[in-house]
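These notes are about the structure you will find just below.
Each value in this text was obtained by applying a stated rule to the coordinates, not by laboratory testing. In this text, all values refer to a predicted model and were calculated from it rather than measured experimentally. Quick reminder, even Gly has a Cβ in these numbers, built from the backbone with ideal geometry, and neighbours come from all protein chains shown.
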Amino acid sequence: MAYQEVTHTGWFSRIGKSFGGMVTGLVLIVAATGLLYWNEGRTVKTGGAIGEAQMQTVQMGDISKVDPSFNGKVIYATGRADTKDMLQDPVFGVGKVAVKLDRDVEYYQWVESSRSEKRKKLGGGEETVTTYTYAKQWTSTPVDSNTFKDPDYIGINEVLARVQNEQWVAPTVSFGAYTLPDFLKSGIGGAQPLQVELEDQQKQEIAKLISVSRRYLRQPGAVRPGAIGVVADTVARSVSGAVLGENDVDVATYVHSQGNVVYIGADPNSPHVGDVRLTFTQTPPADVSIVAKVVGSTFDKFTASNGYTFSRIDMGTVSAETMFEGAKTENTVMAWILRVVGTFLVIAGLRMILAPLSVIADVVPIFGTIVGAGAGIVAFLLGLAWSLVVIAIAWIRFRPLLAAGLLAVVAALLALLYKRGRARKKLEGTGVA
């Protein structure tokens, strides 16, 4: 059942908060401006490093032996990333000869969701109705239910065991006669499910992690038949809270394995709050293609003349041209992502700076809505213009030939704002608002 919380904020409090938000907005604009400028330099320099590496790259055809003639050179090579190292989870005893071994943990928890609806009041006040709903779902970390708003759900969460996500990487991964450094090993993908089969002794060891609470035992179906002898399951549920403690339950029966999953709980087919699910995957040896600088019998990142570094590893046999094109595409995509993020932050900062105008006009809610909409349009146009100016300035520094065209776009946006202002003044002069 949904839980609602209603809060009221007076007009003067709203004005005070909006003026306080102006400082935050200014900080946001400054930070976004720095991000936009830095991103253009990063994009150009990264592209330069990629191009410089591409011009210097030579093909290493035979990786079966260390060739001193390649030492210090940027090479492209294909081969098998292999290992003989046994990786093992020391807690759960799961092991495999692999490049990587991963343990991913999930907890079955109550999760709080909220949705707020603001209603303006005559006189400038504001009423906020927040609706909280609760649902059970798998989460990556335990959820602190002591912060829940609904008193009926406060403190309702628990976990049978606390386990961390972990990854183990093979100390030695060979690439022919060479060995791969950590930065290349981290790029090896192709994870596969790792079959888990637990012996009784392993279950007993894992059971030491489990803490079964009375509340968990009181959950319907949590106590399985036979858990306290021959007492029927329905009776077990009714008396468990009174007579059972964790010492009365064989906690090893709460450990299950199926496929690549270790499940800690009464019944994997019927999860209860507190259950823990662990998924194991392994990354086997595989064919890879690399671009990197040879250093003896291993590799390092190539450092370009501008100080930026470059290296790359792709799964399978991939041509050098395709690898470099992929690197250039990723650089372009990242540039546009950061441009959009930076522009959005500038607009959000300007919106916060202009917020007091709509709050002041909210004495009559319809006026506040109109002013707020106008402020939003102005913030968008000014924010977009400001972002383009920053990018243009960065381009003058890093891409001089493209800067002029971008400044022309900025001039068009400012002209649009100017015409909008003139049109508004004419309407006011005729008495039409």
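Quick look at the values:
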item: Peptides ranked, highest mean first, by Cβ atoms within 10 Å: ranges 281-291, 113-123; result: 281-291, 113-123
item: Hull-based mean projected area of the range 1-97, where the convex hull spans the alpha carbons, in square nanometres; result: 16.9
item: Sequence of L382, L350 once ranked by neighbouring C-beta atoms within 10 Å, starting from the fewest; result: L382, L350
item: Local electrostatic count, G93, Cβ distance below 14 Å [Lys/Arg +1, Asp/Glu -1]; result: -2
item: Gain upon complete extension [R218, V6; 0.36 nm per residue less C-alpha separation]; result: 72.9 nm
item: Contact order relative to length of the chain, as percent, for alpha carbon pairs under 8 angstrom and 6 or more apart; result: 25
item: Distant-in-sequence amide H partners of S257 (H built 1.01 Å from N, under 5 Å); result: Y263
item: Ranked by how many other beta carbons lie within 10 Å on average, peptides 339-348, 323-332 from highest; result: 339-348, 323-332
item: Listed candidates [x] 45, 26, 18; [y] 71, 23, 20; [z] 51, 45, 13 - label of the one calculated as semi-axes √(5λ) of the Cα gyration tensor in Å; result: [z]
item: Helical mean residue ellipticity (222 nm; -39500 (n - 2.57) per DSSP H run of 4+; nearest 500) of the chain; result: -14500 deg cm²/dmol
item: For the range 126-133, 3J(HN,Hα) per residue [Karplus equation, 6.51 cos²θ - 1.76 cosθ + 1.60, θ = phi - 60°, Hz, x = Gly/Pro]; result: 9, 10, 10, 9, 10, 9, 10, 10
item: Part-to-part distance (alpha-carbon centres) for the range 11-42 and the range 186-200, which is given in Å; result: 46
item: Ellipsoid semi-axes in whole angstrom, largest first, where each is sqrt(5λ) of the Cα gyration tensor of the range 57-135; result: 59, 27, 8
item: Of K149/K208; K185/K328; K121/K419; K100/K136; K84/K328, those spanning more than 27 Å from alpha-carbon to alpha-carbon; result: K149/K208; K121/K419; K100/K136; K84/K328
item: Spacing of the two label points (7 Å from each Cα toward its C-beta) at T130 and Q204, in nm; result: 5.0
item: Computed label-point distance, nm, for sites T329 and L26 using a 7 Å Cα→Cβ extension; result: 4.5
item: Whole-Hz couplings from phi, Karplus 6.51/-1.76/1.60, listed for the range 266-283; x for Gly and Pro; result: 5, 8, x, 8, 9, x, 10, 4, x, 5, 10, 10, 10, 10, 10, 10, 10, 9
item: Neighbour-count ranking [beta-carbon atoms within 10 angstrom, fewest first] of L101, L388; result: L388, L101
item: Residues F148, F310, F380 arranged by fewest to most Cβ contacts within 10 Å; result: F380, F148, F310
item: Pairwise label distance in nanometres, T253 with V295, each label 7 Å out on the Cα-Cβ vector; result: 5.7
item: Placed amide H near K121: partners under 5 Å, 5+ positions off or other chain; result: E126, E127
item: Protection-proxy order for peptides 315-321, 33-39, each taking the mean of Cβ atoms within 10 Å per residue, highest first; result: 33-39, 315-321
item: Dipole in debye (nearest 20) - the chain, about Cα centre, beta carbon charges: Lys, Arg +1; Asp, Glu -1; result: 2440
item: Local electrostatic count at V105 - Lys and Arg +1, Asp and Glu -1, tallied over other residues with Cβ under 14 Å; result: -3
